[in-house]
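What follows is a set of notes on a single structure, which appears directly below.
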Amino acid sequence: MIQQITTYPTQTTFGFGGTVRHFDENLTQLLTDLKDSIKANSLEGLAAFQIGSPLTVMVIKKDDEFIEIINPVIFTKEGKINPIESTAYFPNLTATTQRASKIKLMYENTKGEQQFLTAEDDLAILIQRKVDYLMGSTFLARLNPEEKQLFEKKLASNSNKLTLESCPTGLKSDKILNTIKYGVIAGILALIPSFFLDDSALNILKNLEYSLIGLLFLVTFSYFFYAQYEGKKFNNCSSCQIGNIAAMTLIKTIHITGLFLLTYWLT
């Protein structure tokens, strides 16, 4: 029977890694559902997770035949490749992952008999992706930090057109935020000696703290407008760059206000 394929952002409520211990009619039905769903959606393979089952079962389509894989374990990996992958869980989106180019797999067939499979290249990539699902993960776990950040922006904008060039990660506005963060931290650390200073030194410290707070408010105000300007330069990524600017401005304002109150009470 054809089953609905789970897609993002739907989350399952069951646990993962459900080892198959009973090779019965229920398992046969699950395998049939996986095959029917693969054919109906023109897919290369499916893990049981993708149709709402916690069992460690997958079906791979190879040369018009199905490989039924139960309780799989990858016990050797060789080589590294960086394929561009797509998956039914994230429809119409791709990401550059890191995979082993060759794997050796141990699994069981429908009779519970131990089997072995050596896979390379596309087949190895497909099996590794399905094993990720069986372990409660997705290919997000196989992305480097830059690719992961880019893919999260693809999800936010529901667009696969974004690239590392069209949606850069090293924005100047991010550096401004870091400057504000470290400025607040420096202001808090500078207040520690206030417990041991006399009135004259305490007054100097207070003036320095208020000057720092004023500067931080000015930098935060500048960030709000510059981040919008910077985000608009990248048309393909304007929504994901601009969407959180107001929130980040508010957060930094709260942090600076907290520093102001701390200074007022301690000095």
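Annotation note: of Val184, Val131, the sole residue that is modelled with pLDDT of 90 or more and within 16 Å of Ile70 (Cα to Cα) is Val131.
Thr163 meets all of the listed conditions (1) at pLDDT below 90; (2) surrounded by 13 or more Cβ atoms within 10 Å (Cβ to Cβ); (3) of a type in the set (S, T, N, Q) but one, namely (2). Taking the listed residues Lys206, Lys175, the one that is modelled with pLDDT of 85 or more, surrounded by 16 or more Cβ atoms within 10 Å (Cβ to Cβ) and farther than 19 Å from Asn92 by Cβ is Lys206, with no other qualifying. Looking at region 77-132 only, could you name the residues that are buried (at least 17 other Cβ atoms within 10 Å of the Cβ), under 16 Å from Lys62 (Cα atoms) and among the polar types (S, T, N, Q)? Answer for region 77-132, where residues must be buried (at least 17 other Cβ atoms within 10 Å of the Cβ), under 16 Å from Lys62 (Cα atoms) and among the polar types (S, T, N, Q): just Gln128. There is at least one residue in region 149-158 that is crowded, with 21+ Cβ neighbours inside 10 Å and of a type in the set (A, V, I, L, M).
Filter region 16-73 down to the residues that are buried (at least 19 other Cβ atoms within 10 Å of the Cβ), part of a loop (DSSP other than H, G, I, E, B) and touching a Lys or Arg at 6+ places or on another chain (Cβ under 6 Å) and list them by number. Scanning region 16-73 gives no hits. Taking every residue in region 88-102 that is under 21 Å from Ala40 (Cβ atoms) and touching a residue at least 24 places away in the same chain (Cβ under 8 Å) and pairing it with any residue that is in a strand (DSSP E or B) and of a type in the set (A, V, I, L, M), at least 6 positions away or on another chain, the pairs with Cβ-Cβ distances below 9 Å are Ala88/Leu46.
The values are calculated or read from the model by the stated rules, or taken from the named source; none is laboratory data. These numbers were taken from a predicted model, which means no experiment stands behind them. A quick note on method: Cβ atoms are made from the backbone with ideal geometry, for glycine too, and the neighbour counts reach across all protein chains shown.
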